[in-house]
1. Does anything in the stretch 647-686 have its amide N under 12 Å from the 7 Å Cα→Cβ label point of residue 784, and if so which residues?
2. At residue 140 and residue 638, where each label point lies 7 Å from the Cα along Cα→Cβ, what is the point-to-point distance in nanometres?
3. Quick one: angle between helix 487-498 and the longest Cα principal axis of the chain, in degrees between 0 and 90, rounded to 10, please.
4. In the stretch 311-376, how does Rg compare with the Kirkwood Rh, expressed as the Rg/Rh ratio over alpha carbon atoms?
5. For an R0 of 60 angstrom, estimate the FRET efficiency from the Cβ-Cβ distance between residue 446 and residue 164 and round to the nearest 0.05.
6. Taking the simple approach of a point 7 Å from Cα along Cα-to-Cβ for both residue 321 and residue 401, what is their distance in nm?
7. Bins of 10 Å, beginning at zero and ending with the bin holding the largest distance: percent of Cα pairs per bin for the stretch 443-494, please.
8. Please rank 55, 89, 831, fewest neighbouring Cβ atoms within 10 Å first, as an exposure proxy.
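What follows is calculated from the coordinates using simple rules that are stated; it is not laboratory data. Note that the structure is predicted; figures quoted are calculated from it, not measured. Cβ coordinates were reconstructed from backbone atoms using ideal geometry, including for glycine residues, and neighbour counts include every protein chain displayed.
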């Protein structure tokens with residue numbers, strides 16, 4: 001081989017070696033320049049924001065955690081990769097109208113400036129951000145194809161949430177105390193300012209604060225590994241942490257803390273609802289125990305303790321938002337960091353500012369002329385209510401068997417015998433069991449906060465858990481169950497079963513006061529005395545524990561403790577329903593036994609142009625004040641210019657087309673049952689109408705009307721509700737009275753109801769309301785189908801729950817909302 005060829009061969013070898021070396025270096029560099037997403041094993045470029053993370057951040061502009069999860073899975077994703085932690089956030093931004101209902105490119109990839117600009121343009125179109133802010137942000141969008149750096153996106157994001165009129169996102173400094181695991185196994189971080197979900201949070205300290213020396217996002221481990229006993233500046237939406245912006249190096253003071261015990265260099269305290277133990281930087285001067293004080297912490301150690309020893313006590317005359325009026329002391333202002341502790345039984349931190357009036361059960365710790373803390377020393381003097389629990393389908397009060405367990409140890413007692421079981425143990429009681437021969441069985445949890453879980457009952461939330469005690473009894477028809485518990489605790493699980501708790505605290509307070517008034521009236525009436533109960537847990541009274549209690553429902557009850565609606569000194573039965581058609585009805589127009597009642601009159605619920613005052617149109621010359629005429633009511637239903645408090649809700653308007661054969665099936669299934677319930681409300685035509693003589697109807701038991709020939713309105717009331725309907729059949733013609741019977745016999749069980757927002761609902765066992773007009777289609781001279789054009793959901797008497805939400809959103813407090821719906825009433829207390 002020539003020397004020239006040898007040099008050429010050596011050069012090739014060197015080139016190959018260099019190429020392999022270069023490839024290896026590039027691969028190593030790429031690998032070092034990527035990071036594992038802490039939420040899921042998704043590899044993304046360091047410092048580049050993914051579409052998924054951008055969607056997560058943007059979703060908080062419109063939805064908190066509760067609202068986001070309430071959306072359900074409305075959108076189906078075309079991309080099979082769309083299955084991960086980000087799905088609920090993608091669904092939220094779809095609902096916000098920022099992206100289409102499917103994504104063709106995976107959210108795990110980087111967001112480009114072009115895509116970012118499109119998202120912000122849509123935010124501007126929907127008035128989420130101003131045109132001026134959009135112009136300011138446009139300076140970032142110079143290279144549409146380039147991926148957006150995370151730091152840059154966070155800068156833009158901060159400009160957006162800080163400029164938003166409705167502040168759904170806030171910055172807050174939190175001292176991290178620990179964590180808690182809820183019954184549904186979700187975890188929250190416990191802080192001095194409340195408890196927060198954090199599952200999809202991010203550590204963005206190094207992107208938000210360049211001058212910070214410690215890069216906490218580089219600390220490995222869980223949230224607690226990084227931040228326990230530290231102060232962090234976090235971005236918050238509702239009760240959820242969006243991201244950590246900074247770790248504080250400053251002193252943190254835990255104000256008005258219950259100090260269980262302090263001695264030498266250790267302080268045990270109850271803070272944020274949990275027991276904590278801290279070391280002190282210097283020994284304490286003296287032993288302290290069972291006091292309120294401010295604790296200052298630096299570098300995880302206590303550097304100062306300020307005890308507040310002054311205590312006052314007296315009958316509470318009034319509990320306001322920022323003061324408590326105490327007999328002998330007058331109105332005493334509340335400290336900014338005012339807290340309430342229950343110090344009897346199991347120590348707990350109460351989440352409400354409401355204190356029971358008329359009692360001396362609370363000590364008040366005072367410092368600098370303000371109340372620092374309230375110490376509740378005795379149990380609530382609440383009357384108990386007894387609730388009859390129906391079976392899974394709510395179709396019977398009797399149970400084939402009762403299987404139960406508890407969240408704590410529990411005791412099963414009967415006559416003079418009792419047996420104790422461990423948490424999680426299951427017990428089954430069946431008809432004829434020997435222990436039932438001794439009378440009722442009573443099941444009680446061993447702990448104050450324990451609950452009995454009935455495994456043989458299914459509700460929307462699963463197998464329900466009940467506060468208080470459970471009784472099982474047997475009569476000739478089978479087993480029945482009674483839940484005995486304080487009225488206030490009963491309301492904890494009524495409110496979420498009757499109103500979505502994401503509606504906000506003011507509507508929930510309205511619901512709490514109405515539900516308490518309703519329950520109290522039935523408690524006094526001993527309505528279910530045959531079973532040793534006051535009410536049952538179905539729509540026959542108030543739905544109870546179909547949706548389990550939560551923090552919002554508990555807070556609404558506590559903030560309205562003991563409050564009821566009174567008329568001339570008597571507690572009223574505060575009727576309520578879901579959604580109005582824009583007009584409510586008087587009670588005597590809805591129920592056969594309804595007696596004309598001053599505070600339950602129908603009213604037009606139209607919003608005035610003077611929105612700031614939230615007043616009501618009262619034009620006496622308007623045709624809307626006489627909706628008993630079919631044409632007036634039809635015009636009312638189709639008037640797009642009329643704005644009422646319920647206008648924005650899906651059930652405000654609806655329609656359904658039903659084939660006469662479908663209607664006949666429903667009528668044949670339910671007619672006899674309605675007759676049996678109240679024969680006076682289902683009447684058969686016995687003598688047809690003649691000249692000078694009205695038709696005669698008589699109550700009579702029948703199985704069918706035969707082929708349906710016609711359906712028509714016999715009587716419509718002032719609010720537009722139908723109170724009498726005529727169903728003309730080939731075999732019988734039936735006059736049906738009251739809205740409930742009409743809704744039952746015209747139930748669209750086999751047809752689809754279309755709501756205002758074009759969403760569809762099928763398989764309903766009850767027509768949404770009796771506020772409707774009828775269109776008919778005939779074929780070959782025979783009735784083929786009818787179309788019902790209607791509005792509202794429910795009976796229409798009293799308070800519209802969705803209307804109450806709108807009023808609250810417009811700034812009305814719960815007292816004013818109640819005053820609007822129940823005119824001439826006032827708030828009172830049932831515990832004196």
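1. 659-660
2. 4.9
3. With both axes taken from Cα atoms, the answer is about 90 degrees.
4. 0.92
5. That pair, residue 446 with residue 164, gives E of 0.75.
6. Output for this residue pair reads 5.4 nm.
7. Using 10 Å bins, I get a P(r) of 22, 52, 24, 2 for the stretch 443-494.
8. With the fewest neighbours first, 55, 89, 831 line up as 831, 89, 55.
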